[in-house]
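First comes the structure, then the notes that go with it.
The values are calculated or read from the model by the stated rules, or taken from the named source; none is laboratory data. Just so it is clear, the structure is predicted and the values come from calculations on it, not from any experiment. Virtual Cβ from ideal backbone geometry, glycine too; neighbours counted across all protein chains shown. Side chains included, ligands, DNA and RNA excluded: accessible areas come from the protein's heavy atoms. Shrake-Rupley method; radii C 1.70, N 1.55, O 1.52, S 1.80 Å.
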Amino acid sequence: MTARRYLIAGNWKMHCRRADGTALAIDLATRVGAKADPRFDLVLCPPATIVAAVAHGVAGSAVAVGGQDCHAEIQGAHTGDVAAEMLADVGASHVIVGHSERRTNHGETSAQVQAKAAAALRAGLTAIVCVGETEGERDAGRAETVVAEQLATSIPAGATAGNCVVAYEPVWAIGTGRTPTLADIAAMHAMIRGRLSGLVEQPDAVRILYGGSVKPGNAAEILAVADVDGALVGGASLKADDFWGIAQACP
Ligand SMILES: O=C[C@H](O)COP(=O)(O)O
């Protein structure tokens with residue numbers, strides 16, 4: 001089995017102004033220091049307005065910074081959008097694409113997500129590609145089918161273990177305090193691992209994150225599941241102690 005370092009990514013969503021976001025980032029950067037923990041990498045994904053400030057705050061530490069979304073094109077008449085190259089320009093190394101809140105609130109299709117992920121690769125960023133089923137799809141027994149389809153149509157050409165991360169986030173577990181059983185997480189991650197063959201170079205080395213109500217109290221058992229290579233954390237990433245507690249739960 002390929003040894004994979006854990007990746008703990010914090011998705012701050014639409015939270016934090018410059019002052020509190022920078023303070024949170026500096027707090028975490030101080031805990032990590034200049035050399036990455038042998039167990040995990042840490043990525044902070046603040047709102048686009050403070051990516052530059054957060055990148056400045058963590059400079060010199062092993063903490064990385066990412067965007068929460070990007071446009072597929074390099075530039076153009078796209079009011080309100082941000083190009084992957086713009087994120088890279090201000091210090092980002094990662095970008096989340098296809099988060100369910102983008103798929104739902106902005107009607108993003110997997111084809112659009114794939115184009116955004118391709119843009120991330122073009123800009124030299126690592127794409128964190130999100131997939132996940134709704135509660136209705138799970139209840140209908142379609143969870144694996146839906147996720148497999150999203151995966152097949154969202155991963156861009158040229159994806160490798162070095163530039164692409166998959167985040168499995170069951171929509172019904174996001175911000176609800178509910179999580180799948182460990183057996184369900186294991187089954188979904190095993191399915192994703194199998195499906196990555198043919199989609200990504202070095203499929204066995206690709207990191208597959210779990211996201212959805214990860215907290216310090218449940219992180220250890222989730223991170224111990226086979227093929228869970230980290231977490232995409234929402235609410236609990238806004239408090240340094242909680243986010244750090246999740247990172248410390250890496251085996
Ligand atoms: O991107 C993060 C996820 O949507 C998870 O959010 P949550 O940890 O608040 O459930």
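Key figures
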item	result
Taking N as its residue count, the alpha carbon Rg of the chain over 2.2 N^0.38 Å	0.92
For residue 41, distant residues with modelled amide H under 5 Å away	6, 7, 8
Heavy atoms of residue 191: accessible area, 1.4 Å probe, square angstrom to 10	30 Å²
Accessible surface, 1.4 Å probe, highest first, among residues 71, 78, 15	15, 78, 71
Vicinal HN-Hα couplings computed from phi for segment 93-108 (Karplus, 6.51 cos²θ - 1.76 cosθ + 1.60; Hz; Gly/Pro x)	10, 9, 8, 7, 10, x, 4, 4, 5, 6, 4, 7, 6, 10, x, 6
Neighbourhood charge, 11 Å Cβ-Cβ cut-off, centred on residue 37 and excluding it, Lys, Arg +1 and Asp, Glu -1	+3
Under-5 Å amide H pairs with residue 12, H placed in peptide plane, nonlocal only	45
Positive-end residue, the chain charge dipole about Cα centroid, Cβ charges, pick of 190, 93, 24	24
Nonlocal amide H pairs with residue 164, under 5 Å, H built at 1.01 Å	127
Sequence-distant aspartates and glutamates (8 or more away, or on other chains) whose Cα lies within less than 19 Å of residue 35	27
Spin-label model distance (nm) - residue 39 vs residue 78, 7 Å beyond Cα toward Cβ	3.8 nm
Cα gyration tensor shape for segment 189-251, rounded if a/c is under 1.5, else prolate or oblate	prolate
Magnitude of the charge dipole, segment 6-248, Cβ model with Lys/Arg +1 and Asp/Glu -1, debye to 20	360 debye
Listed residues 115, 216, 231: farthest to the positive end of the dipole of the chain (Cβ charges)	216
Phi to ³J(HN,Hα) by Karplus 6.51 cos²θ - 1.76 cosθ + 1.60 over segment 119-132, Hz, x for Gly, Pro	5, 4, 5, 4, 8, x, 8, 8, 8, 9, 8, 8, 9, x
Whole-Hz couplings from phi, Karplus 6.51/-1.76/1.60, listed for segment 49-59; x for Gly and Pro	5, 10, 4, 5, 5, 5, 4, 5, x, 9, 3
